[in-house]
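Peer 1: Below: one structure in structure tokens.
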């Protein structure tokens, strides 16, 4: 009788644990689903960054600031870099996948294609701590631990992720547009992996965008994906 009673108690405990774990897993999935997803990027609803995200965010902001100050302190330099770029269109077909070279002249915060027939589709703006979305976030991270992952500017709303992907610090930005009624709809998202460690590249390359991906909404639920990877410097520093 005592043995049967113990077995019943064990069964009750196991059932309780099962429902407890099941509820927690369901809550996790539900919480994720209450946010937004575009491609392989998932964004939660508005909330404060947690401690690990604050650490990653500050590391990224510091590296981007260092890069900006370095570039703005240049005058007559011209440095050339190599990239790999690709585009997957709305039908899921790769329409472009090739390497190319681009350079920076002086203190300009733009890449210039060095080809005789320049590419039309590549990221020519250089991301810094003062770029759209990052400017407000980096300023807030510098003075507070209570920083929201979302903010609005006129008719736009941005939501930011900080994470580590393939051993690189990375941030992702969701861009949403509001209509006349104040409802928001997804316009697109970008994910940028940043060099912040000497195990990834020399200190002088801190802040360089190792990878940048832009997901743009097509008609319906399809997206176009534009990707650009930094593969190295062609100019000795």
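Peer 1: How big is the gap, in Å, between the Cα center of the range 163-184 and the Cα center of the range 191-237?
Peer 2: 16
Peer 1: For residue 75 and residue 222, compute 0.36 nm times the residue count separating them, minus their Cα-Cα distance, and round to one decimal in nm.
Peer 2: Details: separation 147, 0.36 × 147 = 52.92 nm, distance 4.37 nm.
Working it through step by step, the gained length comes to 48.6 nm.
Peer 1: Mind running the shape call on the range 125-200? Use the C-alpha gyration tensor, a ≥ b ≥ c as the square roots of the eigenvalues: rounded below 1.5 for a/c, prolate if a/b tops b/c, oblate otherwise. Kindly include the intermediate steps, with their values, before the conclusion.
Peer 2: Details: a/c = 2.32, a/b = 1.71, b/c = 1.36.
Prolate is the answer for the range 125-200, as a/c is 1.5 or above and a/b outweighs b/c.
Peer 1: Additional query: Gain in length, residue 178 to residue 90, computed as 0.36 nm per residue apart minus the alpha-carbon separation, to one decimal in nm?
Peer 2: Once the chain is fully extended between residue 178 and residue 90, it gains 29.3 nm.
Peer 1: For a Förster distance of 30 Å, can you work out the FRET efficiency between the beta-carbons of residue 82 and residue 167, rounded to the nearest 0.05? Don't skip to the answer; put the middle values down first.
Peer 2: Details: r = 21 Å, r/R0 = 0.69.
After rounding, the FRET efficiency stands at 0.90.
Peer 1: Right, another one. If R0 is 30 Å, what FRET efficiency do you get for residue 139 and residue 112 from their C-beta distance, rounded to 0.05?
Peer 2: That pair, residue 139 with residue 112, gives E of 0.55.
Peer 1: Follow-up question, since we're still on this one. Classify the range 38-233 as rounded, prolate or oblate from the Cα gyration tensor: take a ≥ b ≥ c as the square roots of its eigenvalues, call it rounded if a/c is under 1.5, otherwise prolate when a/b beats b/c and oblate if not. Working shown, then result.
Peer 2: Numbers: a/c = 1.74, a/b = 1.14, b/c = 1.52.
Cα axes put the range 38-233 in the oblate bin.
Peer 1: Rank the residues 203, 83 as a footprinting-exposure proxy: fewest other Cβ atoms within 10 Å of their Cβ go first.
Peer 2: 203, 83
Peer 1: Same structure, new question: Expressed in nm to one decimal, what extension gain is obtained for the pair residue 99 and residue 50 from 0.36 nm per residue of sequence separation less their Cα-Cα distance?
Peer 2: 13.9 nm
Peer 1: Ok, one more. Let me know the shape class of the range 43-110, please: from the alpha-carbon gyration tensor, a ≥ b ≥ c as square roots of the eigenvalues, rounded when a/c is under 1.5, otherwise prolate if a/b is greater than b/c, or oblate. Before the final figure, lay out the partial values.
Peer 2: Working: a/c = 3.29, a/b = 1.07, b/c = 3.07.
Since a/c reaches 1.5 but b/c is at least a/b, the shape of the range 43-110 is classed as oblate.
Peer 1: Would you please give the FRET efficiency between residue 148 and residue 185, computed as 1/(1 + (r/R0)^6) with r the Cβ-Cβ distance and R0 = 25 Å, to the nearest 0.05?
Peer 2: E(calc), rounded to 0.05, equals 0.75.
Every number in this text was worked out from the coordinates using simple rules, so none of it is lab data. Computed from a predicted structure; not experimentally measured. Neighbour counts run over all protein chains shown; Cβ positions are idealised from the backbone, glycine included.
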